[in-house]
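J.: The structure follows.
The values are calculated or read from the model by the stated rules, or taken from the named source; none is laboratory data. A quick note: this is a predicted structure, and the numbers were derived from the prediction, not measured. Cβ atoms come from the backbone with ideal geometry, glycine included; neighbour counts cover every protein chain shown.
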Amino acid sequence: MTSALVVKGLSLSVPSANGRVTVIDDLTFDIPAGRRVGLVGESGSGKSLTAYSLMRLIKEPVRIEKGEIFLDGQEILGMDIKKFRHLRGNDISMIYQDPMSALNPIMRIGAQIIESIQLHSDLNRAQARKAAIELLASVGIPEPDRRIDSYPFEMSGGMLQRVVIAIALSGEPKVLIADEATTALDVTTQARVLTLIDKLAAERGLSVLLITHDLGVAAQFSDELMVMYAGKLVERGSVNQIFSNAVHPYTKALLNSHCDYTTDVNKPINSIAGQPPRPDNRPTGCVFSPRCAHVQPECREKVPQIEMVHDRLTACFRAGELLELGAVNK
Amino acid sequence: MTSQTDSVASLSGVSRTFKGKTGTVHALDNVTFDLKAGKTLALVGESGSGKTTAARVLLGLDQPSSGKIEVLGRNLGSLKYEELRLLRREIQVVQQDPFSQLNRRHSVERIISSPLIAFNIGDKQSRRKQVIDLLKAVGLEEEHLNRRPHELSGGQCQRVAIARALAVDPKIVVLDEAVSALDVSVRAQVLNLLREIQASRGLTYLFITHDLGVAHYVADEIAVMFRGRIVERGNRDDVFKQSRHHYTTGLLSSVPLASPTAEKRISGQVQSLPSPVEGDACNYRSRCAVGLDREDCKSLPMQITQGSSTHSWLCHSPVVRP
Amino acid sequence: MKFKWRYSFSGFLILLILGICLAAPILAPYDPNAIAVADAFSGPTAKNWMGADDLGRDSFSRILYGGRITILIAMAATLIALLIGTTWGLIAGVRRGWVDEFLMRTADATMAIPQILFALVCVSAVGASIISLPIVVGILLSPTTARMARSAVVTELSSDYVTAAIASGTKRSKLILSEVMPNIAPQLLVQLSINAAAAVMLEATLSFIGLGIQPPNASWGTLMLQGYAKIWNTYWFVFFPALAVTITILAFNAYGERIRVTMDSRRSSV
């Protein structure tokens, strides 16, 4: 299976009082064609910055220090920006958390979709309008021929997000990045929008990178899951692997601290002590070591690299033994 | 209904209407609930359900169009402004956004001591000591006294907000989406903290949230709101295992669970097109797979069905349970 | 990253200008009114750094003293505009309702009146003096300040921290002072800078058209008026006062801009 997206050694930095500090550290992953990959992490994990890097939307003071990104085989970080602009929105698209701010409030939504369509194709206005109506229908907007002339403020959050999805898909991309795309939506609307993305992705053979802090959303939508902590990828595996038997201590702790209606109400929730490190205060060795329940001296001195341990990728020196322990303590 | 524990605050038949551009908006529609001493009532609903308005009305930050609000036996509507202000000592609030609910130009010390100053409690030294005790109670340190909100993390800011709410030793704390803006692991920490504080101080909580998982964890009683009405109310098992209202069941089935079950539990639902409610008839009808076709649901006025001493709902054709 | 806008270049420049002008009596090489016919019409020389006017009066000294008057009037006007405007806007923003409507429409109306015309009417009525001019200019500048203050206070009052303060028992009377003011202070400071620039401009304009400071007293505007007639042969009559006005206005604007940029950058973070 070819990879729709490959990221190699991506590192980002930001300025601080003590010079530049790392916010994404040597990130390497790939998204196979047609797969749904979830990226979970908390504040400061670097998940949003990863998304922006994929779209080359990183601006000073944030800087890409090194790394390569291959979109369908083409390296895009080093590419001429003019050339990349043809790809951006066309081959790789992104949808964001707040549909209201993604859309121009004084332009009818139809005009915005048509603008996007014409940018990525040779259709004339009439043809583009027809395509836009079809697109609106495909994202489940009722009465698309009427709605096409609505303004954003006349529509609800869920419908707007559908419009945003329509625009994102207008260029027939191969990769869709959804950055907290359903976080601002009600639970019922969220369910509908996720179902929609699910359906469209299946129809078009899209690869989706779903970035979220919501473990439930990640579990339900993704085939595979990547977990980031303080700028590092700490674990990657199938949804089944991660949720049944996560091996990285952070992943385990994160899952344990998740509160849903299966959580035992008679006990305190297993939270992780402390907080993520500030970028200008990264610990030596493993970035999770100060908070890790299984920490050993080695963890504080050397940085664990992400590697295959049994059946999944993880960055932990004790992964092997923790996996055994996990299988035992079920 | 009456139970062993006393009711410390209540809303009775409270309505709050706004004149919007497209007609009147019923932010609250005949809402009745009460808070029992030392217990937590979770008010669950999506945006537009009226849960925040209910909180504001309880806190005296907003006036209802009709109905009665009682806090510790006092009818809010009959109070003059200064009396209401003094009553605020007993009922405090923690809001959703950790940063914006703290004055960015004030230090942590000033923020937490502001209620103490407002109610003329103690002098500068005693207040400082109290603030330090409060910081420790919420898991922060004395070194945080001089920090500003933007120097703290979201979780830390929320702890400061909680410390401020506890400063004047209230009986009731309204938590308006207080953990919704926090990271998962921080949320767990703060939920644990809130539970611990409630136990040690005998606090009564009104916990407003859109997150059913959180509601399940914190609540002794849950009230589900939809467009200004309480459509179902009960204890944990009533609502989560025996839900009767179709909105509640719909909500429960929409929540994605963090578990590896292959069965995708996301369900598509009927499109929600806003439609006017006919008087006292069901306001959920336009979204209800069952109610869409029933004549009763279109025009029959709603009446509360009391299923058990703890469980009640507002539905003509509720989910059938064995 | 705290950018100390207090120590910016434009801030320094403002202090320099203020310092120099206010210290005119000490710094000026000559009495600005001392007539020395022998030096009349001389261009910039070692004796008269900025030349001498038709009566031989030293331009440099006249500019220093003139600056003193301009700056004093402008600063007084700015303060008056700040006081009137802020109070105006705060009352409107806090009371809302018809009080707000009335006050803001009055502000709009005042702004709609052509400034020179307004000044003309006022000056005809009360005369132009070092007392009346700041008041007139101050009144002219207060509506914009009022609108800014009103919008700032309305925004802050809808913030969560104000809700929290009310819920914590803070009295309404204390709210504005203790909670809101610290947050709108930077915006007021920006407005202060902009007003200062506008005040200098207005004073110079009024004096230039003869509505302001009258001879023998001379502000920068008056100097420009006197020198304007002789601009072709003796450019320095007009050039140096105009340069002084320009630099002062730019400095104030730049300072205000600096503060605004710092505020904006503090608000948005990655």
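J.: Out of the residues in the range C:107-118 that are in contact (Cβ under 8 Å) with a residue 12 or more places away in the chain and closer than 28 Å to C:A152 by Cβ, which is nearest to the chain's Cα centre (by Cα)?
T.: First, pick out the residues of the range C:107-118 that are in contact (Cβ under 8 Å) with a residue 12 or more places away in the chain: C:107-108, C:110-111, C:115-116, C:118.
Narrowing the set further to residues that are closer than 28 Å to C:A152 by Cβ leaves C:107-108, C:110-111, C:115, C:118.
On the way: C:A107: 19, C:D108: 20, C:T110: 18, C:M111: 17, C:Q115: 15, C:F118: 18 Å.
Looking at the filtered set, the residue picked out is C:Q115.
J.: Quick check: is even one residue across the range A:160-176 in contact with a Leu (Cβ under 9 Å, 6 or more places away or on another chain), more than 14 Å from every other protein chain (Cβ to nearest Cβ) and charged (D, E, K, R)? Can you show your working first?
T.: Initial filter on the range A:160-176 (in contact with a Leu (Cβ under 9 Å, 6 or more places away or on another chain)): A:160-171, A:173-176.
Next cut, more than 14 Å from every other protein chain (Cβ to nearest Cβ) only: A:163-171, A:173-176.
Retained after the next criterion (residues that are charged (D, E, K, R)): A:174.
Looking through the range A:160-176, at least one residue is in contact with a Leu (Cβ under 9 Å, 6 or more places away or on another chain), more than 14 Å from every other protein chain (Cβ to nearest Cβ) and charged (D, E, K, R).
J.: Let me ask something else. In this structure, does B:A9 turn out to be assigned to a strand (DSSP E or B) and within 14 Å of chain A (Cβ to nearest Cβ)? Give the steps one after another, and end with the answer.
T.: On the way: assigned to a strand (DSSP E or B): yes; within 14 Å of chain A (Cβ to nearest Cβ): no.
So B:A9 fails the test.
J.: Would you be able to say whether some residue in the range B:34-54 is part of a strand (DSSP E or B), in contact (Cβ under 8 Å) with a residue 60 or more places away in the chain and either surrounded by fewer than 17 Cβ atoms within 10 Å (Cβ to Cβ) or in contact with a Leu (Cβ under 6 Å, 6 or more places away or on another chain) (or both)?
T.: From the range B:34-54, those part of a strand (DSSP E or B) are B:34-36, B:40-44; that's our starting set.
Then keep just the ones that are in contact (Cβ under 8 Å) with a residue 60 or more places away in the chain; that gives B:35-36, B:40-44.
With the extra rule that they be either surrounded by fewer than 17 Cβ atoms within 10 Å (Cβ to Cβ) or in contact with a Leu (Cβ under 6 Å, 6 or more places away or on another chain) (or both), the set shrinks to B:35, B:41.
Looking through the range B:34-54, at least one residue is part of a strand (DSSP E or B), in contact (Cβ under 8 Å) with a residue 60 or more places away in the chain and either surrounded by fewer than 17 Cβ atoms within 10 Å (Cβ to Cβ) or in contact with a Leu (Cβ under 6 Å, 6 or more places away or on another chain) (or both).
J.: Also, I was wondering about something else. Could you list, ordered by first residue, the pairs with Cβ atoms under 7 Å in which the first is in the range C:16-37 and part of a helix (DSSP H, G or I) and the second is surrounded by 15 or more Cβ atoms within 10 Å (Cβ to Cβ) and modelled with pLDDT under 75, at least 6 apart or interchain?
T.: C:V37/C:G56
J.: Still on this model: Take the residues in the range A:218-237 that are within 11 Å of chain B (Cβ to nearest Cβ) and over 11 Å from the mean Cα position of the chain (by Cα); name whichever of them is farthest from A:T195 (Cα to Cα).
T.: Checking each candidate, the answer is A:Y229.
J.: Could you list all residues from the range A:178-212 that are without any contact (Cβ under 8 Å) to a residue 60 or more places away in the chain, more than 9 Å from chain B (Cβ to nearest Cβ) and part of a helix (DSSP H, G or I)?
T.: Those that are without any contact (Cβ under 8 Å) to a residue 60 or more places away in the chain, more than 9 Å from chain B (Cβ to nearest Cβ) and part of a helix (DSSP H, G or I): A:V193, A:I197, A:K199, A:A202, A:E203, A:R204.
J.: Restricting attention to the range B:179-213, which residues are within 12 Å of chain A (Cβ to nearest Cβ), assigned to a loop (DSSP other than H, G, I, E, B) and not β-branched (V, I, T)? Steps first, please.
T.: Kept after step one, since they are within 12 Å of chain A (Cβ to nearest Cβ), are these residues of the range B:179-213: B:179-196, B:199, B:209-213.
From the residues that got through so far, the ones that are assigned to a loop (DSSP other than H, G, I, E, B) too are B:179-183, B:210-211.
Scanning the range B:179-213 gives B:S180, B:A181, B:L182, B:D183, B:H210, B:D211.
J.: Which of (1) in contact with a Ser or Thr (Cβ under 9 Å, 6 or more places away or on another chain); (2) at the interface with another protein chain (Cβ under 8 Å from one of its Cβ atoms); (3) of a type outside the set (D, E) does A:L215 not meet, given it meets every other one?
T.: Here A:L215 clears every test but (1).
To keep it simple, each residue is scored yes or no on (1) closer than 16 Å to B:R104 by Cβ; (2) away from chain B (no Cβ under 13 Å); (3) surrounded by fewer than 24 Cβ atoms within 10 Å (Cβ to Cβ).
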position	(1), (2), (3)
C:L133	no, yes, no
C:G138	no, yes, no
C:M148	no, yes, yes
C:L157	yes, no, yes
C:I166	no, no, yes
C:S178	yes, no, yes
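J.: Could you tell me which of the residues C:A92, C:A77 is part of a helix (DSSP H, G or I) and over 24 Å from C:E203 (Cα atoms)?
T.: Numbers: C:A77 fails: over 24 Å from C:E203 (Cα atoms).
Every option except C:A92 fails the conditions.
J.: Which pairs have Cβ atoms under 8 Å, sit 6 or more apart or on different chains, and link a residue in the range C:124-138 that is in a helix (DSSP H, G or I) to one that is of a type in the set (S, T, Y)?
T.: Cβ pairs passing all conditions: C:V126/C:S132; C:G138/C:T78.
J.: Has the range B:108-122 got any residue that is surrounded by fewer than 22 Cβ atoms within 10 Å (Cβ to Cβ) and in contact (Cβ under 8 Å) with a residue 60 or more places away in the chain?
T.: Scanning the range B:108-122 turns up no residue that is surrounded by fewer than 22 Cβ atoms within 10 Å (Cβ to Cβ) and in contact (Cβ under 8 Å) with a residue 60 or more places away in the chain.
J.: What tally of residues in the range A:1-57 results from selecting those that are among the β-branched types (V, I, T), out of contact with any Ser or Thr (no Cβ under 7 Å at 6 or more places or on another chain) and surrounded by fewer than 18 Cβ atoms within 10 Å (Cβ to Cβ)?
T.: Step one: of the range A:1-57, the residues among the β-branched types (V, I, T) are A:2, A:6-7, A:14, A:21-24, A:28, A:31, A:37, A:40, A:50.
Now drop any that are not out of contact with any Ser or Thr (no Cβ under 7 Å at 6 or more places or on another chain), which leaves A:2, A:6, A:14, A:28, A:50.
Checking the rest, the ones that are also surrounded by fewer than 18 Cβ atoms within 10 Å (Cβ to Cβ) come to A:2, A:14, A:28.
Residues in the range A:1-57 being among the β-branched types (V, I, T), out of contact with any Ser or Thr (no Cβ under 7 Å at 6 or more places or on another chain) and surrounded by fewer than 18 Cβ atoms within 10 Å (Cβ to Cβ): 3 in total.
J.: Now a separate question. Quickly run through the range C:156-200 and pick out the residues that are within 30 Å of C:I71 (Cβ to Cβ) and without any contact (Cβ under 8 Å) to a residue 24 or more places away in the chain.
T.: C:M181, C:P182, C:A185
J.: May I ask you to list pairs of residues, at least six apart or on different chains, whose Cβ atoms are under 7 Å apart, with the first in the range B:278-290 being touching a residue at least 60 places away in the same chain (Cβ under 8 Å) and crowded, with 18+ Cβ neighbours inside 10 Å and the second being charged (D, E, K, R) and in a loop (DSSP other than H, G, I, E, B)?
T.: What qualifies is B:N283/B:R227.
J.: Right, something else. Name the residues in the range B:219-251 that are within 18 Å of the chain's Cα centre (by Cα), surrounded by fewer than 24 Cβ atoms within 10 Å (Cβ to Cβ) and at the interface with another protein chain (Cβ under 8 Å from one of its Cβ atoms), would you?
T.: Answer for the range B:219-251, where residues must be within 18 Å of the chain's Cα centre (by Cα), surrounded by fewer than 24 Cβ atoms within 10 Å (Cβ to Cβ) and at the interface with another protein chain (Cβ under 8 Å from one of its Cβ atoms): B:R236, B:F240.
J.: Exactly one condition in (1) within 29 Å of C:I184 (Cα to Cα); (2) of a type in the set (D, E, K, R); (3) more than 10 Å from chain C (Cβ to nearest Cβ) is not met by B:R74; state its number.
T.: Evaluating B:R74 over (1) within 29 Å of C:I184 (Cα to Cα); (2) of a type in the set (D, E, K, R); (3) more than 10 Å from chain C (Cβ to nearest Cβ) leaves (1) as the failure.
J.: Moving on. Looking at B:G155, B:G139, which one is outside any helix (DSSP H, G or I) and within 23 Å of B:V184 (Cβ to Cβ)?
T.: Details: B:G155 fails: outside any helix (DSSP H, G or I).
Criteria check complete, one pass: B:G139.
J.: Give all pairs with beta carbons closer than 9 Å in which a residue from the range B:16-27 that is in contact (Cβ under 8 Å) with a residue 24 or more places away in the chain and surrounded by 10 or more Cβ atoms within 10 Å (Cβ to Cβ) meets a residue that is acidic (D, E) and in a strand (DSSP E or B); count only pairs at least 6 apart in sequence or on separate chains.
T.: Taking only residues 6 or more apart or on different chains, the pairs are B:R16/B:D29; B:T17/B:D29.
J.: Answer yes or no as to whether A:V23 is more than 16 Å from A:V227 (Cα to Cα) and in contact with a Pro (Cβ under 9 Å, 6 or more places away or on another chain).
T.: Values: more than 16 Å from A:V227 (Cα to Cα): no; in contact with a Pro (Cβ under 9 Å, 6 or more places away or on another chain): yes.
Here the answer is no, as A:V23 does not meet what is asked.
J.: Could you list, in sequence order, the residues of the range A:163-205 that are in contact with a Gly (Cβ under 7 Å, 6 or more places away or on another chain) and either closer than 21 Å to A:S121 by Cα or among the polar types (S, T, N, Q) (or both)?
T.: A:G171, A:T188, A:T189, A:T195, A:G205
J.: Of all residues in the range A:240-286, which are in a loop (DSSP other than H, G, I, E, B) and among the β-branched types (V, I, T)?
T.: Initially, the range A:240-286 is screened for residues in a loop (DSSP other than H, G, I, E, B), giving A:246-248, A:258-278, A:282-286.
A:V247, A:T262, A:T263, A:V265, A:I269, A:I272, A:T284 - these are the residues of the range A:240-286 that are in a loop (DSSP other than H, G, I, E, B) and among the β-branched types (V, I, T).
J.: For A:Q161, work out the one condition from (1) over 15 Å from the mean Cα position of the chain (by Cα); (2) under 30 Å from B:M225 (Cα atoms); (3) surrounded by fewer than 21 Cβ atoms within 10 Å (Cβ to Cβ); (4) touching a residue at least 60 places away in the same chain (Cβ under 8 Å) it doesn't fulfil.
T.: Against the list (1) over 15 Å from the mean Cα position of the chain (by Cα); (2) under 30 Å from B:M225 (Cα atoms); (3) surrounded by fewer than 21 Cβ atoms within 10 Å (Cβ to Cβ); (4) touching a residue at least 60 places away in the same chain (Cβ under 8 Å), A:Q161 comes up short only on (3).
J.: Now for a separate question. Testing C:W232 on (1) away from every other protein chain (no Cβ under 14 Å); (2) of a type in the set (A, V, I, L, M, F, W, C); (3) within 21 Å of the chain's Cα centre (by Cα), one condition comes back false. Which one is that?
T.: Of everything listed in (1) away from every other protein chain (no Cβ under 14 Å); (2) of a type in the set (A, V, I, L, M, F, W, C); (3) within 21 Å of the chain's Cα centre (by Cα), C:W232 misses just condition (3).
J.: Follow-up question, since we're still on this one. For residues in the range C:47-95 being among the charged types (D, E, K, R) and touching a residue at least 12 places away in the same chain (Cβ under 8 Å), which is surrounded by the most Cβ atoms within 10 Å (Cβ to Cβ)? Before the answer, list the steps.
T.: Residues of the range C:47-95 among the charged types (D, E, K, R): C:47, C:53-54, C:57-58, C:62, C:68, C:95.
Restricting the remaining residues to those that are touching a residue at least 12 places away in the same chain (Cβ under 8 Å) gives C:53-54, C:57-58, C:62, C:68.
Working: C:D53: 24, C:D54: 15, C:R57: 24, C:D58: 25, C:R62: 28, C:R68: 21.
By that ranking, first place goes to C:R62.
J.: Next question. One residue is enough: does the range C:198-218 have a residue meeting the conditions in contact with a Lys or Arg (Cβ under 9 Å, 6 or more places away or on another chain), in a helix (DSSP H, G or I) and modelled with pLDDT of 85 or more?
T.: Taking the range C:198-218 as the starting set, the residues that turn out to be in contact with a Lys or Arg (Cβ under 9 Å, 6 or more places away or on another chain) are C:218.
Next cut, in a helix (DSSP H, G or I) only: none.
Scanning the range C:198-218 turns up no residue that is in contact with a Lys or Arg (Cβ under 9 Å, 6 or more places away or on another chain), in a helix (DSSP H, G or I) and modelled with pLDDT of 85 or more.
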